[in-house]
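Novice: Got a structure for you, questions after.
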Amino acid sequence: RLVFDDKAFAGPGRAAELDSWQYIFTHDVWAWTGSTFGLYRPLLLLQLSAETKVFGAWLQGYHLSNILQHLIVTLLLYGFLQFLLRSSGVQSPAPRLGALLASLVFAVHPIHAEVVNSIFNRSEMMVAMLALSGLWWLLHFLDRHPARAWTGLAVTYFLAMLCRETALVIPGLAVILILMIKPGALVIRVRKCLPVLG
């Protein structure tokens, strides 16, 4: 069953114009209503357009897609947390167990109910996928290939900004993680953060 904004953006009876890529990339999410709220989410709209072509009137398909995306975010979180714990020097099996427990709590926490149940709110999961991927990439390559590390983060940051405005915090999270987990003097860690300004 579709709820709230889902009715306007998903399924065969949708009111939003999602058939034109040009329209999706040049208009506000709510432009078809005649009002603008400053919400620019073209990747969300592209995904909804593709799913409408695939699922049509089969509403369960949209919800299965949400569940799959939530599973992907949970698995990414598990891997990222394991990576962070190992990077900070925590010995085995603690990184696995800690990451597993945190990921399980994340997976079943009721705060995610609206995001998983609402097709339109999946943009939060899209940002989470891109943020976790980008931050993991950055921390993995930062010491050996700093240009590759920051380029990967920049690409995922750009894509996340095309999903939802909350992606704005990703560069700040990158700086916090570098300052918290990278070894060395504070001056060296701060220097590693300087490319974020670009």
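The values are calculated or read from the model by the stated rules, or taken from the named source; none is laboratory data. Please read these numbers as outputs of a predicted model, since none were measured by experiment. FYI the Cβ positions are ideal-geometry reconstructions off the backbone, even for glycines, and counts take in every protein chain you see. Just the protein is used for accessible areas: all its heavy atoms, side chains included, with ligands, DNA and RNA removed. Shrake-Rupley method; radii C 1.70, N 1.55, O 1.52, S 1.80 Å.
Novice: Select from region 93-139 the residues that are open to solvent by 30 Å² or more (accessible area, probe 1.4 Å) and in contact with a Phe, Trp or Tyr (Cβ under 7 Å, 6 or more places away or on another chain) and list them in ascending order.
Specialist: L100, W136, listed by residue number.
Novice: Sticking with this one: So V169 fits all but one of (1) assigned to a helix (DSSP H, G or I); (2) touching a residue at least 60 places away in the same chain (Cβ under 8 Å); what number is the exception?
Specialist: (2)
Novice: Which of the residues spanning region 116-142 are in contact with a Lys or Arg (Cβ under 9 Å, 6 or more places away or on another chain), over 16 Å from L43 (Cβ atoms) and touching a residue at least 12 places away in the same chain (Cβ under 8 Å)?
Specialist: V116, W137, L139, L142
Novice: Among (1) in contact with a Cys (Cβ under 7 Å, 6 or more places away or on another chain); (2) buried (at least 20 other Cβ atoms within 10 Å of the Cβ), there is one condition A160 misses while meeting the rest; what is its number?
Specialist: Going through (1) in contact with a Cys (Cβ under 7 Å, 6 or more places away or on another chain); (2) buried (at least 20 other Cβ atoms within 10 Å of the Cβ) one by one, A160 breaks only (1).
Novice: Mind telling me which of the residues G61, G56 ends up being closer than 30 Å to L18 by Cβ and free of Cβ contacts under 8 Å to residues at least 40 places away in the same chain? Reasoning before the result, please.
Specialist: Numbers: G56 fails: free of Cβ contacts under 8 Å to residues at least 40 places away in the same chain.
One residue alone meets the criteria, G61.
Novice: Applying the selection to region 104-121, what residues are within 16 Å of K7 (Cα to Cα) and among the hydrophobic types (A, V, I, L, M, F, W, C)?
Specialist: Going through region 104-121, the residues within 16 Å of K7 (Cα to Cα) turn out to be 114-121.
Across region 104-121, the qualifying residues are V115, V116, I119, F120.
Novice: Select from region 174-198 the residues that are touching a Cys at 6+ places or on another chain (Cβ under 9 Å) and either free of Cβ contacts under 8 Å to residues at least 12 places away in the same chain or farther than 20 Å from S133 by Cβ (or both) and list them in ascending order.
Specialist: L179
Novice: Name the residues in region 72-92 that are open to solvent by 50 Å² or more (accessible area, probe 1.4 Å) and free of Cβ contacts under 8 Å to residues at least 12 places away in the same chain, would you? Quick ask: steps written out before the conclusion?
Specialist: First, pick out the residues of region 72-92 that are open to solvent by 50 Å² or more (accessible area, probe 1.4 Å): 72, 75, 78, 85-88, 90-92.
The answer is R86, V90, Q91, S92.
Novice: Same structure, new question: Which one is nearest to R86 (Cα to Cα) among residues in region 145-157 that are among the aliphatic types (A, V, I, L, M) and surrounded by 13 or more Cβ atoms within 10 Å (Cβ to Cβ)? Outline the logic, then answer.
Specialist: Here is the first cut: in region 145-157, the ones among the aliphatic types (A, V, I, L, M) are 147, 149, 153-155.
Those still in the list that are surrounded by 13 or more Cβ atoms within 10 Å (Cβ to Cβ) too: 149, 153-155.
Details: A149: 19, L153: 21, A154: 24, V155: 25 Å.
Result: A149.
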